[in-house]
Each structure stands twice: as C-alpha cells, then as structure tokens.
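Every read-out reported here was derived from the displayed coordinates using simple, explicitly stated rules and does not represent laboratory data. All figures in this text were calculated on a predicted structure; none of them were measured in a lab. Here Cβ is always computed from backbone atoms with ideal geometry, including for glycine, and neighbour counts include all displayed protein chains.
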2 protein chains.
Amino acid sequence: MISDATNAPKAVVLYSGGLDSTTVLAMARESGYNCYCLTFSYGQRQAIEVERARALANIMGAADHLVLHLDLDKIGGSALTTATAVPKGRSLNEMESGIPVTYVPGRNTIFLAYAMSWAEVLGAHDIFIGVNAVDFSGYPDCRPDFLAAFQQVANLGTRAGREGSNPFTVHAPLLRLSKKEIIETGLRLKVDYGRTHSCYDPDQAGRACGRCDACQLRLKGFQEAGIMDPAPYAPR
Amino acid sequence: MISDATNAPKAVVLYSGGLDSTTVLAMARESGYNCYCLTFSYGQRQAIEVERARALANIMGAADHLVLHLDLDKIGGSALTTATAVPKGRSLNEMESGIPVTYVPGRNTIFLAYAMSWAEVLGAHDIFIGVNAVDFSGYPDCRPDFLAAFQQVANLGTRAGREGSNPFTVHAPLLRLSKKEIIETGLRLKVDYGRTHSCYDPDQAGRACGRCDACQLRLKGFQEAGIMDPAPYAPR
C-alpha cells in the first residue's frame, strides 16, 4: 500500500476494474497521485464489473470512488448497450479489421467529459485513461490524436483550464504498450489480476467467457507474458 | 409547422426548453433539418423544465425527443446541482465579473459528448447548441474556441468522423447574437416564448423568479426588443 501525502496531487482515474484500467490505477498510485476513481454503470451486462471495481479500487488505496449511472442504453448503437450479440471466437485479424459492434459511439468522449467535470470540482489537473493503441480493436476514441483533442477541450471548456496556471493533462500510459507489457507492468506493481475483469459477456457468476475480443486479447497477453491468467473463466 | 422531407438531413439539437435552445430549434427547423432534441435531467430544481421541453419540442415538430438523466449532483460543484443558493438581483456588471456559482463544471462538454454519441447512432452530422458569447454570464464552455475544439474531438473520436466523408459540424447560431436579437429571430420564426423557461430557480408552479441571472438577462432582452415577456413570473 502506498501512503498518501496530504499534499500529493489529485488525479481522476477512469476505472472499470478491468486489466487495463487497474494497471493504470497502479501506475498513477506509483507516480504519487491521490487517485479518485470514476466508474460508469451502463447497459445490463456489465453490472458485476461495477461491484468488483469498487472492491478493487478500495484495496488499491483509491482516495475516493464515484460510480455514475449512464443512460447509454437509451442512445443504443452498440452490442454493449443493446441486445446485439457480442461476437465470439474472432481471429486477431478479424478484430483488427474495422470498428467492432462492441464500439459504444462516443463512449470515451462521454467518460472523459465526466472525468474533466469531477477533476474540476476536486481541483485535480490530471486525468488517467487506460486506452491502448497497439492491442486496441478498432475504436476511434482510443487514439493519440483524439486524446490530444480532448485535452484541448478540457483546457478551453473549464474554469480551471481558463483561469489556472496548471492546465489539464490527459494521461494514457498504456497507449503504446502491448497487452504483454501492460501485464508485466502491473505484475511489477503487485496488481492482483485475479480480481480484474475484462470480459464483454460474463456469466451470471461473473466468470469470463474466454471467447469475446476482450477475453482473447487478455489471454494472449498472459500467454505472451508466460503466466496463467488468475481470473476465473466459465468452463466450456 | 414545417413538413419533414424524408431525405432531409438529421440534426441533434441540445434542447432545454429555454428561450435560447427553443430559438435554436426553430432555426434548425427553418434550415430544413429533421430535429432530434436531446434534453438532460439533472439536479432537483430543473425538473419542470424537462416536462415543458418535452411538450414544446413536440409542438415545434421535433422528429424525436430523448431525455437522459445525468448524475451531475453526485459530482457537485454548482449551485444548479447542489444546495448552494442561486444568486438573485445581481447587476449586469456583477454577472460579467468571473464565472458564477451556477456554472456546472464541464456541463457543455458532457452535453456535447452525448449529442455526438446520439448523432453517430442516428447518422446525423450536425449538432446544434444554444450557447451565446455576447450575453453569456462568464461560462468558459460557451466560447467559440471551445466549440471548435469539441468539433475536432467529434471528428476524431467517432466512427462517423473517422470513416465518413461528411464530418461533424457543431452549430452555435446564437453565438454572436444579443438576447434582443435572439428574441427577434424567434418571433420571426413564430416561437411561442410563453412556453419557454429560463429561470434557475422557479417556484413550485414553475413560475420564473425574475431575479436570477437567467431571468434578468431574459427580461432585459424582451425589454430591448420592445415587447412583454409572455412567460409566467411569480408575484413578488
């Protein structure tokens, strides 16, 4: 456990409880930030993610954890928020061709907008997001130019950005890491990956399916890192 | 009533039911758009606004109207979402000095992010927002450079923006109009301002207070346009 200096800078960490964002939380803690974790609840499939995220953020010494419900299912447009089936058993080539049905239109923009809002209220100038441009499966809002554009929005669209001498920074420390490198980083920082959750379509007990894009990328990362994924998978 | 051509372009209109956004809706309708109105419900004070917005959008021929609840009260930081008192009876000089307590951190960024998300699902490329840089009372997210930065986010952070030949446009047709000019525009377009609602602190019957910043700017606009505001005000 990293102890919090009371004068340590605050950061808002977009935090799903998954492998990537949990690694980001560990990296932000190691960098000395008091971390304010922001988790979103949306759709029906991911409810178990929220409870696990809450427990894990606490274990990792988050200063606070805010869960916001988003009405993304009313907007639709994604297999993650509608009744569309999550694809299973796709090859890496298939994942890399185009934007998948699990893409939630504008999701990271909405997430970052809320993070920016909370950061302004907290007096934080740093936002951490676990997007990744190497292993990513075709999402337009996981790319460096998008993140740079959002940082510009944060600096122009807030009192803190307009009036402050210390503008916002959007940190994406996983951006250029492979899944293998992400896992190796997290293991060095003692992340308990058995408690992290990546699956788009877990069973009722919260066990991962092992076959959706997120599971496949995760399993490939552990394989390349040469260790077993400690998370629970449904038998098949 | 403007009839909808089935091949008319779609637009998402950020719509509160207030004077400004209702004028924007009329302008977007006149420009030939099929309008998809997006209204947000947040905080406790503005609930009546949502019901009036729903009724007025219908009267004005909106193609659809989506109301999303936002958890902004959990983030706090504003008199509009917390128990902080809304200031009353401020002079125009006071309104123009700094950012007021009614500023909701990041609000327009959150609003635009949802509008962008819905636009992508609808296949719309146009977003209308009723921000105003002349009469505005100090909000950082009502300025042209902010809107331009958000448009860049929309074009980089969506499938439609990345893959499409027709990128997003954020329209802010009131940006450089005075309140007087906005009202004159709306009257020319037959807006029923008696049904529009601007007050930050209405009474239980939904009557405007007449003394908050929004009421004062509105009343000044009607005075300068030389007509009575037809909206109901609480007796004082």
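Shielding value for A:118-126 is 3, the average number of Cβ atoms from other chains within 10 Å of each residue's Cβ.
Within 10 Å of each Cβ in A:139-150, how many Cβ atoms from other chains are there, averaged over the peptide? Mind showing how you got there, number by number?
On the way: counts 3, 10, 7, 1, 3, 1, 5, 9, 3, 3, 9, 8.
Taking the mean over all residues of the peptide, I get 5.
Let me know the volume per residue of the alpha-carbon convex hull for the stretch A:164-203, in Å³. It would help to have the intermediate numbers written out before the result.
Working: hull volume 6.0 nm³, N = 40.
Expressed per residue, the convex hull around the Cα atoms of the stretch A:164-203 is 149 Å³.
Taking a threshold of 30 Å on the Cα-Cα distance, which of the pairs B:74/B:190; A:88/A:180; B:88/B:180 fall above it? Table pairs above 30 Å Cα-Cα are B:74/B:190. Distance from the A-onto-B rotation axis is smallest for the Cβ of the chain A residue given, in whole Å, as A:113, 2. Across the identical copies, the label point of residue B:188 (7 Å from Cα in the Cβ direction) is separated from its matches by 6.4 nm, in order from shortest.
If the cut-off is a Cα-Cα distance under 16 Å, which aspartates and glutamates reach residue A:10, setting aside same-chain residues fewer than 8 apart in sequence? Leaving aside aspartates and glutamates fewer than 8 places away in the same chain, those within reach of residue A:10 are A:30, A:64, A:120, A:126. Distances between copies of residue B:176, taken at a point 7 Å out from Cα along the Cα→Cβ vector and listed shortest first: 4.2 nm.
The order of the peptides B:206-219, B:12-25 by mean Cβ neighbours within 10 Å, most packed first, is B:12-25, B:206-219. Neighbour counts of C-beta atoms inside 10 Å place A:145, B:229 in the sequence A:145, B:229, starting with the fewest.
Measuring label to label, 7 Å along Cα→Cβ, what does residue A:32 give against each other copy in nm, shortest first? Result, one decimal in nm: 5.9. Averaging the Cα positions of each part gives two centres, and for the stretch A:191-236 and the stretch A:17-69 these lie 17 Å apart.
For peptide A:31-41, the mean count of partner chain Cβ atoms within 10 Å of a residue's Cβ comes to 0.
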